[in-house]
Structures are given as C-alpha cells and as structure tokens.
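Asks: Quick one: this structure, given as structure tokens, is what I'll be asking you about.
Every read-out reported here was derived from the displayed coordinates using simple, explicitly stated rules and does not represent laboratory data. What you see is a predicted model, and the numbers here were worked out from it, not measured in a lab. Virtual Cβ from ideal backbone geometry, glycine too; neighbours counted across all protein chains shown.
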Amino acid sequence: MEIRKLCIAWLTLTLSISSIGQNTASPTPTSTAHVKGHGCVKPGNVSDCVVVNDYKAHRKYNVFFLSGEKPDLNTGMSFEGMGYGHTDPHCNQGQKVQVTEWKPVPGECPQKQQK
C-alpha cells in the first residue's frame, strides 16, 4: 500500500513540474513571408480596410501601408510586402500584407460601362 502512495505522489509531482515548464515557455511568433501580387485596389467590407484581389493567383489580400504614397481605390497595382500567417481580425478579408513596394498597373481594374 505504501508503494502505491509513493507512486501516486511521484506521478503527481512529475506532472506538476512538467506543466510549470509549459506555462513559462514563450509563445511561438506569428509566421511571416515575402509576398508578391497584383490586382485591383478596392475598399474592404469594413471602413478603412483595403483589399486587392489577385485573380490570376486566386488570392485576396488585405493590404496596408505604414507610410508614404498610397494607391487610389479602383486602380491597379503590383506590390511586394510582408505577408502575415493570419487574417486581420479587424478587416477579416484575405491575407494581411504590409506593402513595402508598389507600382501602378494600368488596365488592371475593369472599367465600368458608360450608358
């Protein structure tokens, strides 16, 4: 009977120590990757959100610019930037990308038909 109590105490202590180590471990960083794309700059479903639909790659990007010149809405652009491995919880439309370089691409956005 005494050996059984010792085994239970040892098991409890071992599990306690291993759970303490897990709680103090640092969280894994958010994954990022270099992204290239092009498409039409459109307003997102949420105000102040901007999306680019890259139809050839079948991808949607939630793009943001930290500083500098930004493209106008409803214009085409090609871009490069840092893509994040999660969807922006605010905009919630496509992969979140911090654009570092971009240039205009004429003809990328379909023009509305004039009546």
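Asks: Which values of log₁₀ I(q)/I(0), to two decimal places, follow from the Debye formula for the stretch 31-115 at q = 0.13 Å⁻¹ with a uniform point scatterer at every Cα?
Replies: Log10 I(q)/I(0), no solvent term: -0.37.
Asks: Could I ask something else about it? Where in the stretch 75-100 is the amide nitrogen less than 18 Å from a point lying 7 Å along the Cα-to-Cβ axis of Phe65?
Replies: 75-83, 96-100
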